[in-house]
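One structure below.
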Amino acid sequence: MVVTMSGQLTTKQIEQKANVIRKDIIRMLETAGSGHSAGPLGLADLLATLYFNVMNIDPKKPEWEARDYFFLSNGHCVPVQYATMAEAGYFDKALLRTLRKWGSPLQGHPERTRLPGLENTSGPLGSGLSQAAGVAYSLQYLDNQLHRFVYCVTGDGELNEGNIWEGAMFAGKYKLSQLIVFVDRNNIQIDGNTEEVMPLEDLRGKWESFGWHVQEIDGHNIESIQDAVGMAKAITNRPSVIITHTIPGKGVDFMEYDYHWHGLPPNHEQAKEALRELRTLGGKVKHEGMSV
Amino acid sequence: MSEFHLTKNLFDGVSAEPIRAGFGRGLKTAGEVDSRVVALCADLTESVQMHLFRDAFPERFIEVGVAEQNLVTVASGLARAGKIPFTASYAAFSPGRNWEQIKTTAALNDQPVKVVGGHAGLYTGPDGATHQMLEDIALMRSMPNMVVVVPGDSLEAEKATLALAANGKPSYLRLARDKTAIFSTPESPFEIGKAYVLRKGHDVTLCGTGTMTYELLVAAEALKKHHIDAEVIHVPTIKPLDSQTILHSVEKTGRVLTAEEAQINGGLGSAVAELTAEFLPVPLKRLGVEDRYGESGAPREVIEHFGLDGKSLAHKIRQYVERVPQYKKGF
């Protein structure tokens, strides 16, 4: 399938994609036996929206020269990107089960040279935004490619890194209007809640003072995500940041809002429970009764 | 092997120029040759001689301010967009401060980001220990995918810059601040990964990199009157190391000394020691800065204090040669 046009899928279809992605994340992490659960689950709606309805991409031609770019700055959340890419058709879903295994192109943290479709190598935090800014600079000032956009997802704990604010200052100075950054505002990081570990607020004010156009949205509302991207694209004199409020561990009750799940995978029993919950959408629909 | 042409008046009124000046000229030429070449600087444009490129190609010059982490990560993005980015700052800051970003977003990511470290080594003189970067060779040499080049003079820096613009690999180029002797000529060859025998001899091999190569030539000349016939090899590429040229020489001479304006731990000396220990374990001595920091002083004063001028080197080499016998196969 070629995913090129905005609005190709309905909101309901995107939500279904996001749910499939969440189930894949749980299965991948259980099989891997290590990895991060909370962040990837929280980002499923955003990535499903970007890959299926927003970005101008062709999963069959990852190096397509007219594509939009996607940079995952918080590389530890890559399970959501792998699951989304597989769902979009970049590679066979069977590969998802090789996450973090020897010889797999699905490394624990993303490596561009190992998997077509990845634009960068990340994991150490704080550098993806600047890489995205480099591409955005090139499109805007060197290549005269004003119709292409560069999307970047950063964590919120990641904003502790100085490199982020160096990049923010840079993008602000050069008014990189084709750069659209999503801050995954899930309020958790490894050592606890972000406001306890290293307070980020006033987060909106910080970005505004660096010369960015700022929006805040519910990261689980597909229409809000799409509307915010539309607004960001319409802003032509500044880079855009969309503070995307998400629930860490979204969709799995015992993981939601709990920072302990930042860096843990589910064990077999937990995965079973998580999948049951995702299948029934938290008990809202009848249990399908499928085995894990 | 192509012959390395040395300048005619090597020991009598040799001309001098800062190595960084050659980089400045080379970058401008690289910009003329290839429109993908872009330059990024962290608020040191004239100091690292990027102004020539900036003035010729203002649309391809990007000022990033005093932000070395951003310097190389933006460059990584530019490389992803098909550009050949040269980044420049002082070596103390880049790669001194941003090593991880270089590793992750340029080297592991295999993007042709060029890290140019200016004001490296002891010739940074009066600025003192914080600015006399001595650990950069070790830092960059340990990084897979990375090419490490330390030109011997300004003419070679110019050629090296052009070669790095075309090599398609993440690369480090080390530059010195102060005027140093120009021992090569416009005709001298430069190829990434090649070492050059500048002077043939039978008693000892002397391997130098950067500004130390000229000092070794001076030392070798002085050693003649002590009946020591030294072979001098110039090693402008630390990585990949020209194993063949070095092993070929030490097989003949049976002992080797290395000289560099850097920490002896992890630099050229370590590279040659690793090579010879594995393949031809000849006696070896590393000359450079011995596990300490530099300090302020006039550039030449600092070099002499550390015993890295030609005269001091000759003395150390002579002592070593008189004390340590040549390795003979089967001994």
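The values are calculated or read from the model by the stated rules, or taken from the named source; none is laboratory data. This one's a predicted model, so the numbers in the text were calculated from it and none came from an experiment. Quick reminder, even Gly has a Cβ in these numbers, built from the backbone with ideal geometry, and neighbours come from all protein chains shown.
Would you call A:Ser73 under 26 Å from A:Pro248 (Cα atoms), hydroxyl-bearing (Ser, Thr, Tyr), touching a residue at least 24 places away in the same chain (Cβ under 8 Å) and more than 8 Å from chain B (Cβ to nearest Cβ)?
Numbers: under 26 Å from A:Pro248 (Cα atoms): yes; hydroxyl-bearing (Ser, Thr, Tyr): yes; touching a residue at least 24 places away in the same chain (Cβ under 8 Å): yes; more than 8 Å from chain B (Cβ to nearest Cβ): yes.
Yes, satisfied.
Only one residue in B:Lys316, B:Lys328, B:Lys285, B:Lys311 is farther than 20 Å from B:Leu139 by Cα, in contact with a Phe, Trp or Tyr (Cβ under 6 Å, 6 or more places away or on another chain) and charged (D, E, K, R). Which one?
Values: B:Lys316 fails: in contact with a Phe, Trp or Tyr (Cβ under 6 Å, 6 or more places away or on another chain); B:Lys328 fails: in contact with a Phe, Trp or Tyr (Cβ under 6 Å, 6 or more places away or on another chain); B:Lys311 fails: in contact with a Phe, Trp or Tyr (Cβ under 6 Å, 6 or more places away or on another chain).
Testing whether each residue is farther than 20 Å from B:Leu139 by Cα, in contact with a Phe, Trp or Tyr (Cβ under 6 Å, 6 or more places away or on another chain) and charged (D, E, K, R) leaves just B:Lys285.
Go through (1) of a type in the set (Phe, Trp, Tyr); (2) within 19 Å of the chain's Cα centre (by Cα); (3) in a loop (DSSP other than H, G, I, E, B) for A:Trp64 and report which single condition fails.
Here A:Trp64 meets the rest and fails (2).
If I filter the stretch B:76-85 for residues that are more than 10 Å from chain A (Cβ to nearest Cβ) and buried (at least 24 other Cβ atoms within 10 Å of the Cβ), do I get at least one hit?
So the first thing to find is which residues in the stretch B:76-85 are more than 10 Å from chain A (Cβ to nearest Cβ), and the list is B:84.
Filter again for buried (at least 24 other Cβ atoms within 10 Å of the Cβ), leaving B:84.
Yes: one or more hits.
So B:Asp127 clears everything in (1) closer than 19 Å to B:Val66 by Cα; (2) within 14 Å of another protein chain (Cβ to nearest Cβ); (3) surrounded by fewer than 24 Cβ atoms within 10 Å (Cβ to Cβ) except one condition, right? Which one?
B:Asp127 satisfies every listed condition except (2).
How many of the residues in the stretch B:97-111 are in contact with a helix residue (DSSP H, G or I) (Cβ under 7 Å, 6 or more places away or on another chain) and either among the charged types (D, E, K, R) or more than 7 Å from chain A (Cβ to nearest Cβ) (or both)? Before you say what the answer is, go through the steps one by one.
Within the stretch B:97-111, the subset in contact with a helix residue (DSSP H, G or I) (Cβ under 7 Å, 6 or more places away or on another chain) is B:97-99, B:101-102, B:105-106, B:109-111.
If we keep only those that are either among the charged types (D, E, K, R) or more than 7 Å from chain A (Cβ to nearest Cβ) (or both) too, we end up with B:97-99, B:102, B:106, B:110-111.
Selection size over the stretch B:97-111: 7.
Of the residues B:Glu46, B:Glu17, B:Glu32, which is in a strand (DSSP E or B) and more than 14 Å from every other protein chain (Cβ to nearest Cβ)?
Values: B:Glu46 fails: in a strand (DSSP E or B); B:Glu32 fails: in a strand (DSSP E or B).
The match here is B:Glu17.
Would you point out the residue of the stretch A:99-125, among those that are facing chain B (nearest Cβ under 8 Å) and assigned to a loop (DSSP other than H, G, I, E, B), that is farthest from A:Lys175 (Cα to Cα)?
At the first step, the residues of the stretch A:99-125 found to be facing chain B (nearest Cβ under 8 Å) are A:111-113, A:119-124.
Narrowing further to those that are assigned to a loop (DSSP other than H, G, I, E, B): A:111, A:119-124.
On the way: A:Glu111: 29, A:Glu119: 22, A:Asn120: 22, A:Thr121: 25, A:Ser122: 24, A:Gly123: 27, A:Pro124: 26 Å.
The residue in question is A:Glu111.
Working only within the stretch B:164-181, note down all residues that are charged (D, E, K, R) and over 9 Å from the mean Cα position of the chain (by Cα).
In the first step, residues of the stretch B:164-181 are kept if they are charged (D, E, K, R); the result is B:169, B:174, B:177-179.
Scanning the stretch B:164-181 gives B:Lys169, B:Arg177, B:Asp178, B:Lys179.
What tally of residues in the stretch A:64-110 results from selecting those that are of a type in the set (A, V, I, L, M, F, W, C) and in contact with a Ser or Thr (Cβ under 9 Å, 6 or more places away or on another chain)? Give the steps one after another, and end with the answer.
At the first step, the residues of the stretch A:64-110 found to be of a type in the set (A, V, I, L, M, F, W, C) are A:64, A:66, A:70-72, A:77-78, A:80, A:83, A:85-86, A:88, A:91, A:94-96, A:99, A:102, A:106.
Retained after the next criterion (residues that are in contact with a Ser or Thr (Cβ under 9 Å, 6 or more places away or on another chain)): A:71-72, A:78, A:95-96, A:99, A:106.
Matching residues across the stretch A:64-110 total 7.
Given the conditions (1) modelled with pLDDT of 95 or more; (2) surrounded by 22 or more Cβ atoms within 10 Å (Cβ to Cβ); (3) within 17 Å of the chain's Cα centre (by Cα), report the number of the one that A:Lys23 does not fulfil.
Going through the list (1) modelled with pLDDT of 95 or more; (2) surrounded by 22 or more Cβ atoms within 10 Å (Cβ to Cβ); (3) within 17 Å of the chain's Cα centre (by Cα), A:Lys23 breaks only (2).
Quick one: is B:Ser142 in contact with an Asp or Glu (Cβ under 8 Å, 6 or more places away or on another chain), modelled with pLDDT of 95 or more and not assigned by TED's automatic domain parsing to the domain that holds B:Tyr214?
Working: in contact with an Asp or Glu (Cβ under 8 Å, 6 or more places away or on another chain): no; modelled with pLDDT of 95 or more: yes; not assigned by TED's automatic domain parsing to the domain that holds B:Tyr214: yes.
Judged against the criteria, B:Ser142 is not a match.
Collect the residues in the stretch A:131-179 that are of a type in the set (Val, Ile, Thr) and more than 9 Å from chain B (Cβ to nearest Cβ), keeping them in residue-number order. Write out each step before concluding.
Taking the stretch A:131-179 as the starting set, the residues that turn out to be of a type in the set (Val, Ile, Thr) are A:135, A:150, A:153-154, A:164.
Listed by number, the residues that qualify are A:Val153, A:Thr154, A:Ile164.
Answer yes or no as to whether A:Gly128 is surrounded by 22 or more Cβ atoms within 10 Å (Cβ to Cβ), free of Cβ contacts under 8 Å to residues at least 12 places away in the same chain and within 14 Å of chain B (Cβ to nearest Cβ). Working first, answer last.
Values: surrounded by 22 or more Cβ atoms within 10 Å (Cβ to Cβ): yes; free of Cβ contacts under 8 Å to residues at least 12 places away in the same chain: no; within 14 Å of chain B (Cβ to nearest Cβ): yes.
Considered against the rule, which asks whether it is surrounded by 22 or more Cβ atoms within 10 Å (Cβ to Cβ), free of Cβ contacts under 8 Å to residues at least 12 places away in the same chain and within 14 Å of chain B (Cβ to nearest Cβ), A:Gly128 comes out as no.
Could you count how many residues in the stretch A:261-283 are closer than 15 Å to A:Ser34 by Cβ and surrounded by fewer than 16 Cβ atoms within 10 Å (Cβ to Cβ)?
Within the stretch A:261-283, the first condition is being closer than 15 Å to A:Ser34 by Cβ, and the residues that meet it are A:261-268, A:270-271.
Next, only the ones that are surrounded by fewer than 16 Cβ atoms within 10 Å (Cβ to Cβ) stay: A:263, A:267-268.
Adding up the residues that qualify gives 3.
Applying the selection to the stretch B:184-214, what residues are closer than 18 Å to B:Ser249 by Cβ and under 14 Å from the mean Cα position of the chain (by Cα)? Reasoning before the result, please.
Filtering the stretch B:184-214 for residues closer than 18 Å to B:Ser249 by Cβ gives B:189, B:191, B:193-209, B:212-213.
Once the filter is applied, which keeps residues that are closer than 18 Å to B:Ser249 by Cβ and under 14 Å from the mean Cα position of the chain (by Cα), the stretch B:184-214 yields B:Glu191, B:Gly193, B:Lys194, B:Ala195, B:Tyr196, B:Cys207, B:Gly208, B:Thr209, B:Met212, B:Thr213.
Which ones in the stretch B:161-179 are over 19 Å from B:Gly294 (Cα atoms) and touching a helix residue (DSSP H, G or I) at 6+ places or on another chain (Cβ under 7 Å)?
Across the stretch B:161-179, the qualifying residues are B:Thr161, B:Leu162, B:Ala165, B:Pro170, B:Ser171, B:Tyr172, B:Leu173.
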